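Novice: Below is a structure I'd like to ask you about.
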Amino acid sequence: MEIAADIAEEVGTEIMRLRTEGVDVAATKSSLTDVVTESDRLAENLIFERLRASRPNDAILGEEGTRYPGTTEITWVIDPIDGTVNYLYDLVAYCVSIAACVNDETAYSDGKRAVAAAVFNPKTNELFKASTGNGAFLNGDPLSVSKETVLAKALIGTGFGYTAERRLEQHRILGKVIARVRDIRRIGTAAYDLCLVASGRLDGYFEKGIKPWDWAAGALIATEAGALTLGQKEDDPAGEDFFIAGPPIIAHELQALLAQ
Ligand code: LIP
């Protein structure tokens, strides 16, 4: 956890410095709006170097293409900048997300589960971290999820994908949810959304189509703060198809609503 926290803080500080020098789109991925900047690539390379120095035999999986095989049971799952579009527009939420994961087919749809993690938002100087069974923390203070139990009073975070087809489906789903909750927040980074659930500053979160590097660290931080993570149907693991997180009652109420 301290390795993840130290690297996340160093790299987050560096990408914020780079942002002041101006940022350009280096490439696009799944669509014209699914962008990657030179900072994304630099940040992933820096995280890779730091992890290779600290944990030379672990595997590393990164959003921007790192696929480094290891010989231990640990795979580091990293998102160098979660909230890339927010970073491009210099908006207030973008994070470095770093998780040390073990294989666990019962956990999430990618068959991995974080055992130690850190998410750092340099714009707000918020360092979230957790390790299995030891709780979740924000800048050293312990975190716990919201005590809200009524869905109609719940502030719910969500997000949208990068293709028009996926967005139309998400718009349809959102139309069912928005009338049944207090309000919706679309902050633009799943890792931060999950940390806000851990902090009780969102009462719940759902999204369709996020990737393992988006959820790996934030999911551990949220569950160590008392959140439940669920898939769309009762026995589905949370993951790319559907990711729901919140205090147990809200998570189950969201799942029931989304299952409709
Ligand atoms: C982002 C996710 C967010 C989603 C965005 C985007 P990225 O990840 O964290 O939840 O709604 O569309 O996928 O691409 O900024 O690393």
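The values are calculated or read from the model by the stated rules, or taken from the named source; none is laboratory data. None of these values were measured; they are calculated from a predicted model. Positions of Cβ are backbone-derived with ideal geometry, glycine not excepted, and every protein chain shown enters the neighbour counts. Remember, those area values only see protein heavy atoms, side chains included, never the ligands or the DNA or RNA. Shrake-Rupley method; radii C 1.70, N 1.55, O 1.52, S 1.80 Å.
Novice: Return the distance in nm (one decimal) between the two label points of a simple spin-label model at E169 and V102, each offset 7 Å from Cα along Cα→Cβ.
Specialist: Simple spin-label model gives 3.3 nm for this pair.
Novice: Among 15-23, 183-191, how do they line up by average Cβ neighbours within 10 Å per residue, starting with the highest?
Specialist: So the peptides 15-23, 183-191, ranked by packing, come out 183-191, 15-23.
Novice: Just to be sure I understand the model, the point goes 7 Å from the Cα along the line to the Cβ. What's the resulting V85 to A152 distance in nm?
Specialist: 3.2
Novice: Using mean Cβ contacts within 10 Å as the protection proxy, how do 225-234, 68-77 order, highest first?
Specialist: Per-residue Cβ counts within 10 Å, averaged per peptide and sorted highest first, yield 225-234, 68-77.
Novice: With just the Cα atoms defining each centre, how far is region 110-176 from region 72-102? Give it in Å.
Specialist: Computed from Cα coordinates, the inter-centre distance equals 13 Å.
Novice: How large is the accessible surface of E38 in square angstrom, using a 1.4 angstrom probe and rounding to the nearest 10?
Specialist: Looks like 110 Å² after rounding.
Novice: Continuing with this model, one more query. Using the crude model of +1 on Lys and Arg Cβ and -1 on Asp and Glu Cβ, and no other charge, please compute the dipole size for the chain relative to its Cα centre, in debye to 20.
Specialist: In debye, rounded to 20, the chain gives about 680.
Novice: Hey, another quick one. Counting only the heavy atoms of the protein chains, how much of S144 is accessible to a 1.4 Å probe, in Å² to the nearest 10?
Specialist: 60
Novice: Keeping the other protein chains in place, figure out the carbon and sulfur percent of the accessible area of the chain, with a 1.4 Å probe.
Specialist: 51
Novice: For Y192, Y162, what's the largest-to-smallest order of accessible area, 1.4 Å probe?
Specialist: My answer, sorted largest first, is Y162, Y192.
Novice: Please list, in chain and number order, the residues 5+ apart from T37 or on another chain whose amide H is under 5 Å from its amide H, with Hs placed from the backbone.
Specialist: Residues meeting the amide H criterion: A26.
Novice: Lys/Arg Cβ at +1, Asp/Glu Cβ at -1, dipole of region 17-163 taken about the Cα centre: which of I47, F120, G135 is farthest positive-ward?
Specialist: G135
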